[in-house]
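The values are calculated or read from the model by the stated rules, or taken from the named source; none is laboratory data. Note that the structure is predicted; figures quoted are calculated from it, not measured. Backbone-built Cβ (ideal geometry, glycine too); neighbour counts: all protein chains shown. Accessible surface is based on the protein model in full, side chains and every heavy atom, while ligands, DNA and RNA are left aside. Shrake-Rupley method; radii C 1.70, N 1.55, O 1.52, S 1.80 Å.
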Number of protein chains: 2
Amino acid sequence: MAKLVECVPNFSEGRDAETIDAIAGRVSAVAGVHLLDRTSDRDHNRSVLTFAGLPDAVAEAAEGAMEEALLRLDMRVHEGQHPRIGAVDVVPFVPIDGATMADCVALAKKTGAAIADRFHVPVYLYEEASANPARKNLEDIRRGEFEGLAAKMATAGWAPDYGPAAPHPTAGAMVVGARMALIAYNINLATNRLDVAKKIAAAIRHSSGGFRYVKAAGFMLADRGIVQVSMNLTNYEKTPIARVFETVKREAARHGVAILESEIVGLVPSAALTAAAEFYLQIEGFKADQVLENKLREMT
Amino acid sequence: MAKLVECVPNFSEGRDAETIDAIAGRVSAVAGVHLLDRTSDRDHNRSVLTFAGLPDAVAEAAEGAMEEALLRLDMRVHEGQHPRIGAVDVVPFVPIDGATMADCVALAKKTGAAIADRFHVPVYLYEEASANPARKNLEDIRRGEFEGLAAKMATAGWAPDYGPAAPHPTAGAMVVGARMALIAYNINLATNRLDVAKKIAAAIRHSSGGFRYVKAAGFMLADRGIVQVSMNLTNYEKTPIARVFETVKREAARHGVAILESEIVGLVPSAALTAAAEFYLQIEGFKADQVLENKLREMT
């Protein structure tokens, strides 16, 4: 079975269409790489590309995008609301079908070393690719941002994993690693009580005592007169969607509130939905290759 | 997006391995066709091949299998428990991703006409491919079996859709058509009361007043000391798995019995499980191309 890998690099440019097109063009140009999505945010002045393919092709596309970004972006004049330390700010590799997390860790290290070597950009490993607990979370690595990077790199414990010990003058530094696919998942409640959404978000998110792989916040959807628990599920194998949904449902019931509906924003791995079906239908002994499409993919 | 089609022909030979290998070999030999499964039953003296690919390739594989079966099988000496009218008894085409039922109806007609023309075998259309209400159900077409075929074909209303008006001397007749993917689905109950399984099967199956696309029977699993509601779901879009599961659960509760587990036997289309996840998680506005693997397949 082919090992498919997804790559979701974030670039510090969200305004100049020509520049973003040029970077995306380097990804599309690699045979066997499929550009699944691209989004740009003017306020954040940041773009995200999502592409997938076989590991070597995906690595080649990431390097090509890096080369283009290096030619075109200058962090000394970059401004935007989103925290960032580099022109190619963060490059996560995500296992899809057939690929394991170990495959993606290996790919992150290989790509990080190659980019540091070729472009003289310092590279930090993060998440599953990092063995250092202080350098697993992106927020920790990015703290101080591009403006504080030179000072940070000079302090103990912040030598990069690959490349020079000081920032690249225009490209800053790059963070590369491996993580599970992220699922953007929202649950809308049949109420306009914002306090209920906020209490439920607090109950389920990791930072305040909830599930290990849930980030959550409560929002008002003013035009619909309802509230929303907005979530990122960062590991759907260890914290599955169905468990989160059932917990939100139970917490809402405690406030006399029902779930109106939920929504998945963007892409979701097939396995995350299959797991929910298995849970509710109490399916025992199910194997991934019983899914007709998986079986077909195995054979191609 | 590529139009993928599955084909599940049934052959009147389940004992001679060399013959079955030769027929399966004709399928595997076609480029782009993937043989997903093959099963043979000695008592029924019958084999089923499951293969998939692009429509033209799948049609070529079906014709190749017909040619091989024609060379090797002789219905005049065939015996087996399962009803049958021909060497290649029935050839259903099933839409997978990207293909519609209309695509499969067209493919069934094209393949049926080609086989009648090339091999001088009478061909009947059935299920979605048949416009004649008396000739939609396989059981109706097959009634009388090979032994009664010549007499049946001579009666009003039983001229074939394609080919000669009398049986092929050794191959009988062939039935070809289009249908939805079949899901073999069992629900095990936490009881040894066979009457409960039989009552639930009667409640949900079409023939006794239940759902349009459910066939069901109650069985004892003697070695485990429990009972099973064994089902075929013949159209998971119109009678979805979750609705069947919830109905079985409710009917079992009326007898004070809980569901122990369920199981899917063999292959299941991804969309059937995704629909169950959508139902239970109350997901609104979900599109098939939000499934990462579907999106990838679309691009290849």
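Among the residues of segment B:65-110, write down those that are among the acidic types (Asp, Glu) and either over 15 Å from B:Arg46 (Cβ atoms) or more than 17 Å from the chain's Cα centre (by Cα) (or both).
The answer is B:Glu67, B:Glu68, B:Asp74, B:Glu79, B:Asp97, B:Asp103.
Of the residues B:Gly53, B:Gly98, B:Gly144, only one is on the phi > 0 side of the Ramachandran plot and touching a Gly at 6+ places or on another chain (Cβ under 8 Å); which?
B:Gly53
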Item to check | Condition met for A:Leu54 (within 17 Å of A:Cys104 (Cβ to Cβ) and in contact (Cβ under 8 Å) with a residue 24 or more places away in the chain) | outcome: yes
Checklist entry - Restricting attention to segment A:267-299, which residues are more than 7 Å from every other protein chain (Cβ to nearest Cβ) and surrounded by fewer than 17 Cβ atoms within 10 Å (Cβ to Cβ)? => result A:Lys287, A:Ala288, A:Asp289, A:Glu298
Checklist entry - What about B:Thr247, is it within 14 Å of chain A (Cβ to nearest Cβ) and open to solvent by 10 Å² or more (accessible area, probe 1.4 Å)? => result yes
Next on the checklist: Among the residues of segment A:4-50, what is the count of those that are outside any helix (DSSP H, G or I), out of contact with any Ser or Thr (no Cβ under 8 Å at 6 or more places or on another chain) and within 28 Å of A:Asp103 (Cα to Cα)?
Outcome noted: 11
Checklist entry - Take the residues of segment B:256-266 that are in a strand (DSSP E or B) and surrounded by fewer than 19 Cβ atoms within 10 Å (Cβ to Cβ): which is nearest to the other protein chains (Cβ to nearest Cβ)? => result B:Glu261
Checklist entry - Does A:Asp74 qualify as being more than 13 Å from chain B (Cβ to nearest Cβ), surrounded by fewer than 20 Cβ atoms within 10 Å (Cβ to Cβ) and under 22 Å from A:His168 (Cβ atoms)? => result yes
Checklist entry - If we scan segment A:78-86, do we find a residue that is modelled with pLDDT of 95 or more, of a type in the set (A, V, I, L, M, F, W, C), under 23 Å from A:Lys152 (Cα atoms) and open to solvent by less than 10 Å² (accessible area, probe 1.4 Å)? => result yes
Checklist entry - Is at least one residue of segment A:193-201 at the interface with chain B (Cβ under 9 Å from one of its Cβ atoms) and either farther than 30 Å from B:Asp37 by Cα or open to solvent by less than 10 Å² (accessible area, probe 1.4 Å) (or both)? => result no
Item to check | Residue that is least open to solvent (accessible area, probe 1.4 Å) [pool: residues in segment B:141-175 that are assigned to a loop (DSSP other than H, G, I, E, B), of a type outside the set (A, V, I, L, M) and in contact with a strand residue (DSSP E or B) (Cβ under 7 Å, 6 or more places away or on another chain)] | outcome: B:Pro160
Next on the checklist: On the basis of being loosely packed, with under 14 Cβ neighbours inside 10 Å and more than 14 Å from chain A (Cβ to nearest Cβ), does B:Asp41 make the cut?
Outcome noted: no
Item to check | Single match in B:Ala102, B:Ala108 (criterion: closer than 22 Å to A:Leu292 by Cα, open to solvent by 20 Å² or more (accessible area, probe 1.4 Å) and at pLDDT 95 or above) | outcome: B:Ala102
Checklist outcome for this item: Screening A:Val214, A:Val244, A:Val227 for residues that are in contact (Cβ under 8 Å) with a residue 40 or more places away in the chain and not acidic (Asp, Glu) leaves only A:Val244
Checklist outcome for this item: Given the conditions (1) in a loop (DSSP other than H, G, I, E, B); (2) open to solvent by 40 Å² or more (accessible area, probe 1.4 Å); (3) farther than 30 Å from A:Gly98 by Cβ, every one holds for A:Phe211 apart from (3)
Item to check | Condition broken by B:Ala99, with the remaining ones in (1) over 25 Å from B:Glu139 (Cα atoms); (2) in a helix (DSSP H, G or I) satisfied | outcome: (2)
